[in-house]
Amino acid sequence: MYQKEKKAEARLRESEEKYRALFNLSPEYIILLDVDDGRILDINSTLAGKLMIPRERMIGRSVYDLEFISEDARREFQSKLETIKREGSVEPYEMELEDPAGNRYTVRIYNKRIHAGDRDSVIVVLSDITDLKRTQEMLERSLAEKELLLKEIHHRVKNNLMIISSLLSMQSRQIKDEDTLEIFRESENRARSMALIHERLYRSEDLKNVDISEYIRTLGVEIFNSYNLDPSMIRLSFDMQEFRADIETTIPIGLIFTELMTNAIKHAFPDGRGDIKVSLKRSDGTVTLEVSDNGVGLPGDLDWESTPSLGLQIVRGLSDQIDARVDVISDEGTTFRISFEELGFKNQ
């Protein structure tokens, strides 16, 4: 029996030595508190060194009596300790502390109620995340600066494209030939289409996404107005779901839409009367843009994919760029249906 007791004592001492070594060598700040009154039962060497107070002077004091802990931190810690007393633990939380020298640092605090030495106590581990917080703040400032710079770039690109659009408009006033005038007008609309995207990005809080439904609606009205159409004769309507897209998708969609709108305005209504409908829908991971009119329809022998029309060549090329399928329906008018996967899109 005596030998068994000696072995048990040896194992206990060994266990205590391992615990004490782990406790004091841990780079984290560790403190053991009485769950009832917050009295310090033990504190590791790392935390005692950080506080520059000998461990012996800390043990037995209430954590609420430490002069360098602010009143707000003391109240929050007391509230957490009451929760631990009732529920056993709390979720990790962050707190800003100040050491006796006045240095401020941020810690993430982990708590666990334990039973040791015939008493209930709380082991508190404080992980110093001051450097991590500083790095995070630096990255956030850097990101904000880059976003500001990117917004300024979008603003300047928009201004340059608007200047090009204005120059084309001014030049077109001197042109008498209708075919040449139409070429200038289409080029002006293309420049305006891209300028409008950069304007949206400049004003957007999220530079990665553009409200494509609002963009198409605004662009459609601008193209409509550029032809000085009578809205009582040719009516334009929209049926749009709200989506956002990145710029790599939005620019091709905007230019495709510009060409389809222009094509409908120019060719669908020789008598100057009709309806143009624009819709944007999403179903089963596919986004569909439709531009339809109730005009004269396409000529029966027209192969739109091989037509020499620059506008339709642009539609074909940009559709390939975003892996879109193009369906053309000529039935009581013309409908161009552009369908592509929802990659880059999300719900508003």
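The values are calculated or read from the model by the stated rules, or taken from the named source; none is laboratory data. For clarity, every value in this text was computed on a predicted model and none was experimentally measured. Positions of Cβ are backbone-derived with ideal geometry, glycine not excepted, and every protein chain shown enters the neighbour counts. Protein only, heavy atoms only, side chains kept; ligands, DNA and RNA dropped before computing areas. Shrake-Rupley method; radii C 1.70, N 1.55, O 1.52, S 1.80 Å.
Summary of computed values
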item: Answer label for mean projected area of the Cα convex hull in nm² (calculated), chosen among (1) 17.6; (2) 19.2; (3) 30.5; result: (3)
item: Met240-Glu332 FRET efficiency (beta carbon distance; Förster radius 22 Å; 0.05 resolution); result: 0.45
item: Low-density loop positions, GluC sites (Glu not before Pro), segment 167-209 - DSSP coil, at most 15 other Cβ in 10 Å; result: Glu205
item: Using a Förster distance of 45 Å, the FRET efficiency for Glu96-Arg156 (Cβ separation, nearest 0.05); result: 0.65
item: Dipole moment magnitude, nearest 20 debye, segment 91-244 about Cα centre, only Lys, Arg, Asp, Glu C-beta charged; result: 220 debye
item: Net dipole in debye of segment 215-348 [+1 Lys, Arg Cβ; -1 Asp, Glu Cβ; about Cα centre; nearest 20]; result: 380 debye
item: Highest-fluctuation residue, Leu310, Leu318, Leu150 considered, GNM on the chain with Cα pairs under 10 Å; result: Leu310
item: Degrees, to the nearest 10: 2-25 long Cα axis against longest axis of the chain; result: 50 degrees
item: Between 0 and 90°, nearest 10: helix 212-226 axis offset from the chain longest Cα axis; result: 30 degrees
item: Kirkwood Rh in Å, taken over all unlike Cα pairs in segment 82-149; result: 14.6 Å
item: Exposed-site-free run, longest, the chain (rule: chymotrypsin sites (Phe, Trp or Tyr not before Pro); DSSP loop; at most 15 other C-beta within 10 Å); result: 69-226
item: Among Arg200, Arg141, Arg173, residue whose mean-square fluctuation peaks in a GNM of the chain (springs only between Cα atoms under 10 Å); result: Arg173
item: Positive-end residue, the chain charge dipole about Cα centroid, Cβ charges, pick of Gly333, Ala191, Ser309; result: Ala191
item: Cα centroid of segment 64-137 to Cα centroid of segment 222-295, whole Å; result: 60 Å
item: Student exercise, the chain dipole from Lys, Arg, Asp, Glu Cβ charges, in Debye to nearest 20; result: 1320 debye
item: Helix-only [θ]222 nm of the chain, DSSP H runs n ≥ 4, -39500 (n - 2.57) each, per residue, nearest 500; result: -16500 deg cm²/dmol
item: Pairwise label distance in nanometres, Glu145 with Glu182, each label 7 Å out on the Cα-Cβ vector; result: 5.3 nm
item: Spatially close lysines, pair count over segment 112-259: Cα under 27 Å, gap of eight or more or interchain; result: 8
item: GNM top mover of Asp179, Asp230, Asp118 - the chain, alpha-carbon springs below 10 Å; result: Asp118
item: Residue-normalised accessible area of segment 136-222, given per residue in Å² at a 1.4 Å probe; result: 63 Å²
item: Kirkwood hydrodynamic radius over Cα pairs of segment 194-275, then Stokes diffusion coefficient at 4 °C and 1.567 mPa s, in µm²/s; result: 95 µm²/s
